[in-house]
Structures are given as C-alpha cells and as structure tokens.
Amino acid sequence: MSATVQTPRSRRINWLNVVTVISAAILIGAEVFGAAFAAGWAFGNLFSIGEYGVHIFQGVFFLCGVAVMVRFILNAQRVEPFTER
C-alpha cells in the first residue's frame, strides 16, 4: 500500500496588502473612536446625566467602535488578501 503525503503549499505574506489595510485601519480607527468619545460626551450632556453617565456612554460607543473596526478589518482582508500562494 503506497500512501502519498501531500505537503501543504507555502503561503507568502503580501506585505503591500497588509500595510494598506493597517494604514486604512489606523486612519478610520482614529475617526471612529474620536466620534465615539464625542458622541458619548454629547449624549451625556444632552441628557444631563453627569460625569459617570458621560463615561458610560463613551464606553458603549467605544465598544460599538471596536465592532465597526473588527468588521472593517475582516472585510478589508477579504478584498485585500494578506497571503498568496
């Protein structure tokens, strides 16, 4: 019985795509998290719920920003693959 062993194909990292996605993530992340903190401050003061309420709103919007950035990275990786064969 002769069994052939298949070796996995090597994958190379496409650094141009990685750098492009990371650069875009830094730019978009700064905007998303800046907007999250500003929105937390605005809603906290709009409803007059005090300093702790402002921080709670900022935390909630920060978590929303994390979700947005995770989705951005996953979608960008699908469009600009990080590895190639």
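Couple of notes before you dig in:
- Here Ile13 meets each of (1) open to solvent by 90 Å² or more (accessible area, probe 1.4 Å); (2) hydrophobic (A, V, I, L, M, F, W, C); (3) under 25 Å from Glu84 (Cα atoms) with one exception, condition (1).
- Pairs linking a residue in region 67-84 that is within 19 Å of Trp15 (Cβ to Cβ) and touching a residue at least 60 places away in the same chain (Cβ under 8 Å) to a residue that is open to solvent by 60 Å² or more (accessible area, probe 1.4 Å) and assigned to a helix (DSSP H, G or I), with Cβ atoms under 7 Å and 6 or more positions apart or on different chains, are Glu80/Thr20.
- Leading residue by the ranking (nearest to Val19 (Cα to Cα)) among those in region 42-81 that are among the polar types (S, T, N, Q) and modelled with pLDDT of 95 or more: Asn75
- Scanning region 39-61 for residues that are under 19 Å from the mean Cα position of the chain (by Cα) and surrounded by fewer than 16 Cβ atoms within 10 Å (Cβ to Cβ) yields Gly59, Val60.
- Being over 13 Å from the mean Cα position of the chain (by Cα), surrounded by 11 or more Cβ atoms within 10 Å (Cβ to Cβ) and of a type in the set (A, V, I, L, M, F, W, C) holds for only one residue in Ala24, Ala36, and it is Ala36.
The values are calculated or read from the model by the stated rules, or taken from the named source; none is laboratory data. Quick caveat, the model's predicted, so the values are computed rather than measured. Heads up, the Cβs are rebuilt from the backbone with ideal geometry, glycines too, and the neighbour counts pull from every protein chain shown. Accessible surface is based on the protein model in full, side chains and every heavy atom, while ligands, DNA and RNA are left aside. Shrake-Rupley method; radii C 1.70, N 1.55, O 1.52, S 1.80 Å.
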